[in-house]
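The values are calculated or read from the model by the stated rules, or taken from the named source; none is laboratory data. What you are looking at is a predicted structure, and each value in this text was computed from that prediction instead of being measured. Here the Cβ is made from the backbone with ideal geometry for all residues, glycine too, and neighbour counts use every protein chain on show. These accessible areas exclude ligands, DNA and RNA; they are computed on the full protein's heavy atoms, side chains included. Shrake-Rupley method; radii C 1.70, N 1.55, O 1.52, S 1.80 Å.
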Amino acid sequence: LTEFITKANTEVRDPSRSNETLGELIMNCTIIQGGQQVNSIPSLATAEFNVRTIPEYDNEEVIGKFNHIAEGLNREGANLTVEVTMSLPSVFTDGKSNLVKIAQALGGKYFGVKPELIGSPGVTDGSNLLRSKGDDFPFMMFGPGLTKMAHKNNEYVHKDVYLKFIDLYEEMIVEFNK
């Protein structure tokens with residue numbers, strides 16, 4: 001299993017492939033489980049990966065590479081299987097919707113800074129909501145907290161910022177529906 005993880009880290013990552021908005025594919029092995037006690041070889045071990053793909057390097061290609069690595073190690077005596085538990089495509093919009101303009105204006109009003117338009121490789125409900133929608137569909141990720149804190153130990157949002165966002169959202173919904 002450790003050989004699989006090492007090979008996946010070197011063979012799946014490809015910094016030469018990126019998306020102008022989303023950046024590079026992101027891959028991390030976030031869960032490794034196996035064994036019950038010290039000094040006993042486990043009969044089963046598992047590893048779980050979180051992979052955030054980009055249109056230029058999609059889910060099917062990554063799954064194919066995982067399977068190729070497992071097949072190669074199995075020929076050498078391993079007993080590995082690859083199981084995909086969730087496979088959502090990367091999605092993005094052009095950021096030019098009226099909703100985004102309203103959010104930027106209100107961000108300036110409530111926080112004194114116009115929010116920068118950036119892409120996020122994070123998985124959201126957008127993967128489902130944006131299917132069959134055009135690039136101009138009004139979608140954005142906009143809320144309290146810092147992206148660099150997401151999914152970290154001791155993740156937090158400042159209370160005053162959270163409460164301001166409630167007022168901002170109320171105003172944004174009214175403005176968007178005019």
query = Looking only at segment 147-166, which residues are among the hydroxyl-bearing types (Ser, Thr, Tyr) and either part of a loop (DSSP other than H, G, I, E, B) or open to solvent by less than 40 Å² (accessible area, probe 1.4 Å) (or both)?
reply = TYR156
task = Go through segment 105-127 and give me each residue that's open to solvent by less than 80 Å² (accessible area, probe 1.4 Å) and out of contact with any Ser or Thr (no Cβ under 8 Å at 6 or more places or on another chain).
result = ALA105, LEU106, GLY107, GLY108, TYR110, PHE111, GLY112, PRO115, VAL123, THR124, GLY126
ask   = Only one of these conditions is not met by GLU116: (1) modelled with pLDDT of 85 or more; (2) within 17 Å of the chain's Cα centre (by Cα). Which number is it?
value = (2)
request  = Scan segment 14-34 for residues that are closer than 21 Å to THR85 by Cβ and touching an Asp or Glu at 6+ places or on another chain (Cβ under 9 Å) and report the count.
outcome  = 6
ask   = If a residue has to be of a type in the set (Val, Ile, Thr) and loosely packed, with under 12 Cβ neighbours inside 10 Å to count, how many in segment 72-98 make the cut?
value = 2
key: Subset of segment 46-60 that is modelled with pLDDT of 90 or more and exposed (fewer than 14 other Cβ atoms within 10 Å of the Cβ) - its residue that is nearest to ASN28 (Cα to Cα)   = ASN50
query = Taking segment 6-24 as the region of interest, how many residues are within 14 Å of ILE63 (Cα to Cα) and either β-branched (Val, Ile, Thr) or touching a Pro at 6+ places or on another chain (Cβ under 8 Å) (or both)?
reply = 1
task = Within segment 136-146, work out how many residues are surrounded by 13 or more Cβ atoms within 10 Å (Cβ to Cβ), of a type outside the set (A, V, I, L, M, F, W, C) and in contact with a Lys or Arg (Cβ under 9 Å, 6 or more places away or on another chain).
result = 1
key: Hits in segment 35-52 - residues which are within 22 Å of MET86 (Cα to Cα) and either in a helix (DSSP H, G or I) or of a type outside the set (A, V, I, L, M, F, W, C) (or both)   = THR46, GLU48, ASN50, ARG52
